[in-house]
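Chemist: The structure under discussion is supplied below as structure tokens; questions concerning it will follow.
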Amino acid sequence: MPNYDIIVIGGGHAGIEAARAAALMGCNTALITMKTSTIGVLSCNPSIGGSAKGHLVKEIDAIGGIMPLIADRSGLQFKMLNTSKGPAIWSPRSQNDKYLYPGYAQQMLKKTAYLTILEGTIEKLLVSEKEVRGVLFNGQELSCKALVLCGGTFLNAAMYTGRDKTLGGRVNEQAANGLSDSLLEHGFDIGRLKTGTPPRIFADSVDYSKVRIESGDEQPQPFSHKTSQVRNTIACYATATRKETHAILEQGFADSPMFTGLITGQGPRYCPSIEDKIYRFNERDSHQIMLEPESLKGNTIYVNGFSTSLPKDIQEQALRTIPGLEHMRIEKYGYAVEYDFFYPYQMMYTLESKRLKGLYTAGQINGTSGYEEAASQGLIAGINAAARIKGLPELVIERSDGYIGVMIDDLVNKSSDEPYRIFTSLAEYRLLLRQDNAFERLYEKTRIYGLHDGSEKRVMNAISLRKKLEESLKGIKISKDEANSLYTDVQESPVKESELLTTMCKRPAMTLSLIREKTSHLDAWKGTAFDSILWQADIDIKYEGYIARHLADIEKFKDLEHKIIPSSYDYDSLQSLSKESKEKLKKIRPHSIGQASRIPGVSPTDISLLVIDLKR
């Protein structure tokens, strides 16, 4: 029987991060995928990042994952989203080449020591004494000390276009049918979810005179600290549906697998199909459509905003009513995928299963949607699987540490019946969890796992330099006349006496860059190398009060996190607990009072009773 330390099942974004992390930590690792050529495929939108998702990618970079670097190398257009709002919700996004991205991913994995890539299917798990011992792979037993399951949308998967049903998790790729049954045997709670993808059309069939150009940033920023510069090589285009579009789509509702009951799984609320948008928001006459080129090599465009599982003829007729698409030709029709997932209350914060020791799950199998959510989980699962074997401390990212912690905490405690998507609004401490300070938050916490190559020193030096800058600014006063001259330039009200430089920076229109440009007070900090340092220092100064409040709240949060609930605690013995709270607490079995307080249905009164009982 071939022996491995860790087996990773699935070559999607979760599997890539899990397998690479485990191998870099010195574990003999096998990555099992149905097709080696599909490792890293961008199944849906060929893009990385986006609102809050970009935060996840920056956190992956800080921990030592490779999605950020692959995104930079395969990126066609880069954009920082939400810049008209506060810095807490600024989020990077890239449009990527759908051929280059998996190509780079496969190259990097093949060069990784201690990593073997195997092609085939898993028939069942090998378990003894409630611990995973291996898998049955292509009729052969493979043993392992830990298993990371990253099944994506392939478990008992079926694809739908209208009333047409095809078994599989992606076009021309078969479903994985043995794993779900194997896990059901061990008592796992399984559900069904749905996701979908829009049609792809030929780029040369679009009338570009009728659409609006959407360009990338003038000074595009990379995801990875290892990337010195990225370039924009394409433009995207915006158009919109019309009333006529909606009327045609409604004609297909009778054959929609969503409305006929063929699909029972819940789809993503925040990325609904076009038919779901029309059904739920029938008061709207129009929905935005983004036309996004998929590759420099190909001739296809991703029709973002038009995810659908309606019949092919309806898709075609409706698309032709959209300005710019009157003569479009379809390269691939949209379809929906329904698949099994495992309710994530069954896992711990390390992503290890509560039911089977040594089993870790990551990605869409945990009920999430999106490449970034999957990659984040894969990285955490791979690190913890390897840490378990190497005798290293387990890695738990808390809500106060990063968006990865927010996501995992939400998954474990809320276990939604719809695909989970990360949002900035889900983070209580989002001003501290910015995309620009991911290294500052997570590097020291994760450096012991050895996933970096030394290139992080430049980032850490910049952080140290910024702190010196902020310290040097304290106590600097600017004369009344000089201050008012600056205030006049930015339409801020004047002052009657000299003012601290840090006080000036708290004004909305005033920045350190402007002060450096117009005065001599920051002569020591001139030069483009200091631009990002000045920008981050600006944020720290402007939002000092809010940041202090966040830090105080985090101390209270951590105090509750350190109030541990014994794993053997008998909730039935506390008679005064409400029935709903008992059910939820027994189901999730939180490790702390803090976690218990975030479980929906557990009231503050019940938390107080629990605290009193634990003290006794």
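Every read-out reported here was derived from the displayed coordinates using simple, explicitly stated rules and does not represent laboratory data. Please read all numbers here as calculations on a predicted model, not as lab measurements. Here Cβ is always computed from backbone atoms with ideal geometry, including for glycine, and neighbour counts include all displayed protein chains.
Chemist: Please report V406, V127, V495, V396 as a ranked list, fewest other C-beta atoms within 10 angstrom at the top and most at the bottom.
Modeler: V495, V396, V127, V406
Chemist: Continuing with this model, one more query. At 4 °C and 1.567 mPa s, what whole-number value in µm²/s does Stokes-Einstein give for the translational diffusion of region 70-174, with Rh from the Kirkwood sum over Cα pairs?
Modeler: The estimated diffusion coefficient comes to 72 µm²/s.
Chemist: Also, I was wondering about something else. Take the Cβ-Cβ distance between E444 and D559 as r, set R0 to 25 Å, and report the resulting FRET efficiency rounded to the nearest 0.05. Don't jump to the answer; show the numbers that get you there.
Modeler: On the way: r = 21 Å, r/R0 = 0.85.
Plugging the Cβ-Cβ distance into 1/(1 + (r/R0)^6) gives 0.70.
Chemist: Past 24 Å, Cα to Cα, is the threshold; run K130/K390; K506/K558; K226/K467; K445/K556; K354/K584; K85/K526 against it and keep the listed order.
Modeler: Numbers: K130/K390 21 Å; K506/K558 29 Å; K226/K467 22 Å; K445/K556 20 Å; K354/K584 15 Å; K85/K526 27 Å.
From the list (K130/K390; K506/K558; K226/K467; K445/K556; K354/K584; K85/K526), the Cα-Cα distance tops 24 Å for K506/K558; K85/K526.
Chemist: Can you bin region 543-586 into rounded, prolate or oblate? Criterion: square roots of the alpha carbon gyration tensor eigenvalues sorted a ≥ b ≥ c, rounded for a/c under 1.5, prolate for a/b above b/c, oblate for the rest.
Modeler: Numbers: a/c = 4.71, a/b = 2.76, b/c = 1.70.
Verdict is prolate for region 543-586.
Chemist: Over the chain, what portion of Cα pair distances is larger than 36 Å, expressed as a whole percent?
Modeler: Here the tail beyond 36 Å accounts for 42 percent of pairs.
Chemist: Can you tell me which of 549-556, 318-325 comes out highest on packing, and rank the rest after it, using the mean Cβ neighbours within 10 Å?
Modeler: Details: 549-556: 13.0, 318-325: 21.1.
Averaged packing, sorted descending, gives the order 318-325, 549-556.
Chemist: How large are Rg and Dmax for region 562-615 when calculated on the C-alpha trace, in angstrom?
Modeler: 9.5, 26
Chemist: Moving on. Cut-off is 10 Å between beta-carbons; in what order do M328, M460, M407 appear when sorted fewest neighbours first?
Modeler: Details: M328 22, M460 15, M407 28.
With the sparsest Cβ surroundings first, the list reads M460, M328, M407.
Chemist: Moving to a separate point now. Taking R0 as 51 Å, what FRET efficiency do you get between S513 and L167 from their Cβ-Cβ distance, rounded to the nearest 0.05?
Modeler: FRET efficiency, S513 to L167: 0.35.
Chemist: Counting other Cβ atoms within 10 Å, keep those with at most 16, restrict to DSSP loop, and tell me which GluC sites (Glu not before Pro) in region 153-247 are left.
Modeler: In loop regions of region 153-247 (DSSP not H, G, I, E or B), the sparsely surrounded GluC sites (Glu not before Pro) are E185, E218.
Chemist: Between E326 and W535, what's the calculated FRET efficiency when r is the beta-carbon distance and R0 is 60 Å? Round to 0.05.
Modeler: Between E326 and W535 the formula returns 0.85.
Chemist: Would you please name the chymotrypsin sites (Phe, Trp or Tyr not before Pro) within region 276-363 that are DSSP coil residues with at most 15 other C-beta atoms within 10 Å of their C-beta?
Modeler: For chymotrypsin sites (Phe, Trp or Tyr not before Pro) across region 276-363 that sit outside H, G, I, E and B with at most 15 neighbouring Cβ atoms in 10 Å, the list reads F281.
Chemist: Hey, another quick one. Let me see the P(r) profile for region 28-126: every Cα-Cα distance counted, bins of 10 Å, each bin given as a percent of all pairs.
Modeler: It works out to 15, 38, 30, 13, 4, 0, in whole percents.
Chemist: Counting only DSSP beta bridges with both residues in the chain, tell me the antiparallel percent, nearest 5.
Modeler: 75 percent
Chemist: Can you list residues whose amide H is under 5 Å from G134's amide H, if they're 5+ apart or on another chain and H is modeled 1.01 Å from N?
Modeler: Residues meeting the amide H criterion: L126, C144.
Chemist: Now for a separate question. State, to one decimal in nm, how far the label point of S592 lies from the label point of K468, with both points 7 Å from Cα in the Cβ direction.
Modeler: Taking the two extended label points, one gets 3.5 nm.
Chemist: Label S578 and K124 with points 7 Å out from Cα along Cα→Cβ: what is the distance between them in nm?
Modeler: Modelled inter-label distance: 4.4 nm.
Chemist: Can you give the relative contact order of region 315-388 as a percent, counting alpha carbon pairs under 8 Å and 6+ residues apart?
Modeler: This gives 22 percent for region 315-388.
Chemist: Once you put a point 7 Å from the Cα of S568 and another 7 Å from the Cα of R549, both along the Cβ direction, what distance in nm separates them?
Modeler: 4.5 nm
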